[in-house]
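Beneath this line is the structure, given in structure tokens, with notes to follow.
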Amino acid sequence: MERFTRSCWIRALFFTVLSSLVLAGNLLEIKAPYILYSQDHKYIYACGGVEAKVAGKKIRSDYFYYSIRAKEGQATGSVEFMEKKYDVLVFKLSKKFKWMGINFGKKIEKAGSPLSMPKLRSPDELKKAAVFFEAHRITVGKYGKVKGWDVQPYVLGAPSIPLSSFILDPGSPPPKTNIRPGTLRFTRQDGAMVGLVLDIKEKIYRGRYETRYFERGLFKLSGEPRGIIFSGYGSLGRKGKTSWLENSLFYTTEGKYLDFSLYSRREGKIFLFVLQNRVSSRQYEKPYYWLSSSLRFKKYRWFQPEISLGWDYRSSYQISLATYINPHPSLHMDLSWMKNQQVTSYTTTRTSTSSFHVSYNPSIFNFSASALLSRDLLEKTKRKDISLNLNFRPLSLLQESLSAGFQFFFMFSSFPYGNDYYEKLSPGMRVSLSSSGYSLPMGLIFLPSLDINQTWERGKISWTEFNYFLSFQKEMGNLILALEINGNSRYKLRQLWVEGTTNVFLNGRIRWRTAHSSASAVFYFDRNMSLERINIRGDISLFWELSFRFFSLYNQRLRKITIFEGYLEKNLRGAIKVQLGYSLSHKKYFIRIIPL
Amino acid sequence: MKKMVLLFLVLLGFISCVSVKNLPQNPSPYISKIDLVKGVKQEGERIVPLPFKGKIGKKPMVFLILKNATGVNRVKIRLYSKKILIEEYEISFGKPGEYYSRVVLWQGLKARKKGTYTLAIFVNRNLLGIKKFRIE
């Protein structure tokens, strides 16, 4: 009997130690006759004699709500906490455990720290999730890991196989160096892909590197049958401070492509220094190296000159001097000069480029001018580009129902053309009129807009362009009917001769829209006003957050549907999108899994 | 093939060691909606709330949907202004042993001045819901 009692004690002690080890690090533990956990909302609801342990403190209540994302919760109905009774207990678990107890008697009496009431989610709302679980006991870990006991999973509202214990959510990885599974997907482009992630979270180095294996050969997909992709990035420097050195790396066995770059940025009160090195190579091609650095003088906000140097360790180089001058918030100037030499296996280019840009934006108009002069130092040729733009802010006329905009521009360019230079000089102006709509009888809305462009080429040939758009709309509840007339005319005046073309197109549009669904059909007519094609598309919300999307194009000349694609779409946990449908172009049914 | 799948499912259920009677069942009533409305109207068998267009009026009605209730239930509505109880109502519904999957309750409040108010809804002495609202 004594041996039996001793063995019972030993077993009890062993299980106590084991369970305390298992539960160590749990932020929250809930036991209740009914617990509901929604994976989409990351939310827990429990009821019926709930016993919870929050940050080591016991709470007894009839109802319990907890949001894993917000790390806040509420217990209601005969709450017992720290040997006192409350009607409501609100708590937050961000850095420190904070709580507030409320009693609704003759007065509202509060105890603890002042906290705002959390937004509660009802069981009805949680059960709308694609995947939810019912359980008797749940623990929530420090990094959002959720484990349940006596679990009844539900998928799209249908009960699945019950499980004695189950990890309902793996949570986020802990903030320390770890290796974990990474990419797991199948696409027509890459085939099957499996990855392993190395997450480095150390005091002076942080980074994420992933090794992915892809397999195309087994699925008879085009491209290299199988291979490895290694990619990642990291930064050297103390946590929470500007890093000393950053790196990024990408390597794939397909084509033996490598891209590696190092980046360092040091910023003081007067200077900003950036150093960058990039190495890139591909099979059968010469490797590419580029070392660049820049130094910016940043003492004054209105004037910040910068010198940049670039070199490929051989003959290519680049030197540039640039600054912006911003003496007034509405006046901005950019000045730059650059000398560049590029040497490749077959060609050598050496250029010198100077550019100037100014913009002035007072309240009435907007003026900008830019000039670019580029010289080819080997061929001794020049290229010039000058442009001036003056835009007036749109004027509101007829009680703001008509908006009129004016724009004047001047462009000049000169570039080598054979042994001579080709020069193009084109001043012009643009007038645009648009309306917010006029009401017509029978509930019709008329929306006109007109654009007039006038350009003079070398001052001799004159181009005039009219673009107009007229729309008649009628709204009937969720349905909008519209008739659109789109016209454009272009005329060229050469001394006394006028040449030109005019096109008028007619479209009919039917649109249906509710809060969650929409569908539209557009009827396109040709110049002879005969039906050319019909374009129909829609996005209809169904039950279980499913949506049906379709797109089709009917060609009247061929008298058949040339394009059709329709599919059911479901967004799972905000991580992947699953599409199941049919495509007429490929004449195939398809299942697409799109990572978000 | 179907038999094999069924056998597999039964085996899996057996391995999971959870019998159906041990599975969680929601035993408690819960409030799925608390709203302040202008009134209610009956459309066939349905009670439809008439919401305020914009701000809450000076004489609102508490509209409540309670789900999953069994037997006789007492719903207590308490209204507080500046943390002091100013109004209290009690509504009883249900018969012993009967189950109600959805119960719609409403209670008109007395005309009130502009200000912020707090509603506390108790079901069988347990506080199930709180709602803060503003009359403008």
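The values are calculated or read from the model by the stated rules, or taken from the named source; none is laboratory data. In this text, all values refer to a predicted model and were calculated from it rather than measured experimentally. Glycine also receives a Cβ, built like all others from the backbone with ideal geometry; neighbour counts cover every protein chain displayed.
Summary table below
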quantity: Segment A:70-98 residues that are within 11 Å of chain B (Cβ to nearest Cβ), paired with ones that are outside any strand (DSSP E or B) (beta carbon under 6 Å, 6 or more apart); calculated: A:74/A:118; A:90/A:115
quantity: Residue selected from segment B:94-127 under the condition in a strand (DSSP E or B), more than 11 Å from every other protein chain (Cβ to nearest Cβ) and among the hydrophobic types (A, V, I, L, M, F, W, C), by the criterion surrounded by the fewest Cβ atoms within 10 Å (Cβ to Cβ); calculated: B:104
quantity: Scope segment A:135-162; condition of a type in the set (A, V, I, L, M, F, W, C) and surrounded by 21 or more Cβ atoms within 10 Å (Cβ to Cβ); matching residues; calculated: A:135, A:138, A:140, A:146, A:151
quantity: Residue, surrounded by the most Cβ atoms within 10 Å (Cβ to Cβ), within segment B:21-68, restricted to residues that are of a type in the set (S, T, N, Q) and not in a strand (DSSP E or B); calculated: B:28
quantity: Of all residues in segment B:69-83 being surrounded by fewer than 18 Cβ atoms within 10 Å (Cβ to Cβ) and more than 18 Å from residue A:104 (Cα to Cα), the one that is farthest from the other protein chains (Cβ to nearest Cβ); calculated: B:72
quantity: Hits in segment A:128-151 (condition: within 13 Å of another protein chain (Cβ to nearest Cβ) and polar (S, T, N, Q)); calculated: none
quantity: Boolean, residue A:96 is among the charged types (D, E, K, R) and assigned to a strand (DSSP E or B); calculated: no
quantity: Those strands (runs of 3 or more DSSP E) lying entirely in segment A:152-267 with at least 1 residues more than 14 Å from chain B (Cβ to nearest Cβ) and at pLDDT below 90; calculated: A:163-169, A:178-187, A:191-201, A:257-267
quantity: Qualifying residues in segment A:141-151 (those that are under 27 Å from residue A:545 (Cα atoms) and not in a loop (DSSP other than H, G, I, E, B)) - the one nearest to the chain's Cα centre (by Cα); calculated: A:146
quantity: Some residue of segment A:50-63 being within 14 Å of another protein chain (Cβ to nearest Cβ), among the charged types (D, E, K, R) and surrounded by fewer than 22 Cβ atoms within 10 Å (Cβ to Cβ); calculated: yes
quantity: Criterion (within 11 Å of another protein chain (Cβ to nearest Cβ), out of contact with any Ser or Thr (no Cβ under 9 Å at 6 or more places or on another chain) and either of a type in the set (A, V, I, L, M) or not in a strand (DSSP E or B) (or both)) met by exactly one of B:86, B:130; calculated: B:86
quantity: Matching residues, segment A:104-127, being more than 12 Å from every other protein chain (Cβ to nearest Cβ) and surrounded by 14 or more Cβ atoms within 10 Å (Cβ to Cβ); calculated: A:111, A:112, A:115
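Each row is one residue, and each column tells you yes or no for (1) farther than 30 Å from residue A:423 by Cα; (2) out of contact with any helix residue (DSSP H, G or I) (no Cβ under 6 Å at 6 or more places or on another chain); (3) surrounded by 15 or more Cβ atoms within 10 Å (Cβ to Cβ).
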| position | (1), (2), (3) |
| --- | --- |
| A:437 | yes, yes, no |
| A:451 | no, yes, yes |
| A:466 | no, yes, yes |
| A:480 | yes, yes, yes |
| A:501 | no, yes, no |
